[in-house]
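Below is one structure, written out as structure tokens; the observations come after it.
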Amino acid sequence: MDFNSNKRPETMERITTPALANAFVEAQLSALREQIGDRKVLLALSGGVDSSVVAALLIQAVGKQLTCVHVNHGLLRKGEPEQVIEVFQGQMNANLVYVDAADRFLDKLAGVADPEEKRHIIGAEFIRVFEEEARKLDGISFLAQGTIYPDILESDGVKAHHNVGGLPEDLKFELVEPIKLLYKDEVRMVGKALGLPDNMVYRQPFPGPGLGVRCVGAITRERLEAVRESDAILREEFAKHGLDEKVWQYFTVVPDFKSTGIRNGKRSYDWPVVIRAVNTVDAVTAQPAELNFALVQKLVARITAEVPGVNRVLWDVTPKPSATIEWE
Ligand code: XMP
């Protein structure tokens, strides 16, 4: 099988069982060892399914010849950087460079309200941070990427939302793209075969700009914390009720306006939190997930009690269209 082709052969069997996933892993490990030899590989590891599967494959194939760079842009969900470090450094013994760049990103984003400008700043800063880390490493020959087949079908092969496409000429590496012929469900099967934890393999889609597009308008640290804490509560409650396996995407949003409330007998003037939970097949259209009202009330009680600066919770039940899934 030619793993370097950009076209999936018609004869390639769909990976639907653990046995087929194991066979893919075995074939890829020898193909990767042959391609890489004793040279070195660099990977931007976000902790998403695709880059995590590529990391796990390369760790098995070439071990410490792989260096993973995990950039924390300050817009990750609660516990995400910790999990990346625990799984890849702790359990898989990978070479992992962890870059806490939160202050850099938040300083650049201060006062910027336009959603596309926010995306642009996050993408451009990501490339800058990754490039700085790449320059510190000697003798890298390859750049690994978590490109998957839909990325190739939808674009010119450059992962639309991935940020490592724009490195300067003197940092151009040969690409290693071991899962580029796989569909998402196959990537998950392969992730399972490689021993990645379920909450990494089956996690919901998470946008590259992260919580940045859920902290509506100009991002402030206080409001960003309100997004992160309320998102953590929502995820915890969804997992407790088995909804993490049933709902396609669910998160919270904090708009940039305040409303009045009462706390401890006194008038408050605080942020609202919006709950968004949707089901979809392809993200082109989406329907609000039907949530049990007792669960909604529990979420209201926990979020208003536990998240500082929040006095109100709204539930967004708008389909796409007319709304998009995200608020920005
Ligand atoms: P919308 O909001 O357009 O979202 O209905 C559709 C899907 O795309 C995700 N999304 C993004 N993913 N970078 C990403 O990597 C982005 O800038 C971005 N914006 C939206 C969104 O989470 C949903 O799954």
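The values are calculated or read from the model by the stated rules, or taken from the named source; none is laboratory data. These figures come from a predicted structure and were not determined experimentally. FYI the Cβ positions are ideal-geometry reconstructions off the backbone, even for glycines, and counts take in every protein chain you see. Note: areas computed on protein heavy atoms with side chains; ligands, DNA, RNA excluded. Shrake-Rupley method; radii C 1.70, N 1.55, O 1.52, S 1.80 Å.
Taking region 292-317, which residues are loosely packed, with under 12 Cβ neighbours inside 10 Å and either touching a Phe, Trp or Tyr at 6+ places or on another chain (Cβ under 8 Å) or touching a residue at least 60 places away in the same chain (Cβ under 8 Å) (or both)?
Result: P308, single match.
Quick one: A101 ticks every box in (1) at pLDDT 95 or above; (2) of a type outside the set (D, E); (3) surrounded by fewer than 16 Cβ atoms within 10 Å (Cβ to Cβ) bar one, so which box is it?
(3)
Scanning for something away from the ligand (no atom under 16 Å from the Cβ), of a type in the set (D, E, K, R) and within 19 Å of L314 (Cα to Cα), does region 245-255 turn up at least one residue?
No, region 245-255 contains no residue that is away from the ligand (no atom under 16 Å from the Cβ), of a type in the set (D, E, K, R) and within 19 Å of L314 (Cα to Cα).
Does E237 satisfy the criteria of being touching a Leu at 6+ places or on another chain (Cβ under 7 Å) and part of a helix (DSSP H, G or I)?
Working: touching a Leu at 6+ places or on another chain (Cβ under 7 Å): yes; part of a helix (DSSP H, G or I): yes.
It is true that E237 is touching a Leu at 6+ places or on another chain (Cβ under 7 Å) and part of a helix (DSSP H, G or I).
Return the pairs, sorted by first residue and then second, in which the second residue is at pLDDT 95 or above and in a helix (DSSP H, G or I), the first residue lies in region 119-137 and is of a type outside the set (V, I, T), the beta carbons are less than 7 Å apart, and the residues are 6+ apart or on different chains.
So the pair list comes out as E125/R104; E125/F105; E125/K108.
Could we say that V190 is among the β-branched types (V, I, T), in contact (Cβ under 8 Å) with a residue 24 or more places away in the chain and in contact with a Gly (Cβ under 6 Å, 6 or more places away or on another chain) here? Break it down into steps so the answer makes sense when it comes.
Numbers: among the β-branched types (V, I, T): yes; in contact (Cβ under 8 Å) with a residue 24 or more places away in the chain: yes; in contact with a Gly (Cβ under 6 Å, 6 or more places away or on another chain): no.
Taking the combined requirement at face value, the residue does not satisfy it.
Residue-wise test of (1) free of Cβ contacts under 8 Å to residues at least 12 places away in the same chain; (2) outside any strand (DSSP E or B); (3) more than 16 Å from the ligand (Cβ to nearest atom); (4) surrounded by 13 or more Cβ atoms within 10 Å (Cβ to Cβ).
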{"residue": "R267", "(1), (2), (3), (4)": "yes, no, yes, no"}
{"residue": "P272", "(1), (2), (3), (4)": "no, no, yes, yes"}
{"residue": "I275", "(1), (2), (3), (4)": "no, no, no, yes"}
{"residue": "V278", "(1), (2), (3), (4)": "no, no, no, yes"}
{"residue": "E290", "(1), (2), (3), (4)": "yes, yes, yes, no"}
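Count, please, the residues in region 29-47 that happen to be surrounded by fewer than 20 Cβ atoms within 10 Å (Cβ to Cβ) and either within 27 Å of F130 (Cα to Cα) or touching a helix residue (DSSP H, G or I) at 6+ places or on another chain (Cβ under 8 Å) (or both). If you could, list the steps in order and put the result at the bottom.
Taking region 29-47 and keeping what is surrounded by fewer than 20 Cβ atoms within 10 Å (Cβ to Cβ), we get 29-31, 33-35, 37-40.
Applying the additional criterion that residues be either within 27 Å of F130 (Cα to Cα) or touching a helix residue (DSSP H, G or I) at 6+ places or on another chain (Cβ under 8 Å) (or both) yields 29, 31, 33-35, 37-40.
Residues that pass the stated criteria total 9.
Is it the case that some residue within region 38-54 is among the acidic types (D, E) and either modelled with pLDDT under 95 or within 30 Å of D103 (Cβ to Cβ) (or both)?
Kept after step one, since they are among the acidic types (D, E), are these residues of region 38-54: 38, 50.
Next, from what is left, pick out any that are either modelled with pLDDT under 95 or within 30 Å of D103 (Cβ to Cβ) (or both): 50.
Checked region 38-54: at least one residue is among the acidic types (D, E) and either modelled with pLDDT under 95 or within 30 Å of D103 (Cβ to Cβ) (or both).
Would you mention how many residues in region 240-257 are open to solvent by 50 Å² or more (accessible area, probe 1.4 Å) and more than 18 Å from the chain's Cα centre (by Cα)?
If we filter region 240-257 for residues that are open to solvent by 50 Å² or more (accessible area, probe 1.4 Å), which is where we start, we get 240-241, 244-246, 248, 256-257.
Still in the list and also more than 18 Å from the chain's Cα centre (by Cα): 240-241, 246, 256-257.
Residues flagged as open to solvent by 50 Å² or more (accessible area, probe 1.4 Å) and more than 18 Å from the chain's Cα centre (by Cα) within region 240-257 amount to 5.
Could you grab the pairs with beta carbons closer than 7 Å, sequence gap of 6+ or different chains, first residue in region 241-252 and touching a residue at least 60 places away in the same chain (Cβ under 8 Å), second one within 13 Å of the ligand (Cβ to nearest atom) and open to solvent by 30 Å² or more (accessible area, probe 1.4 Å)?
Filtered contacts from region 241-252: Q249/P205.
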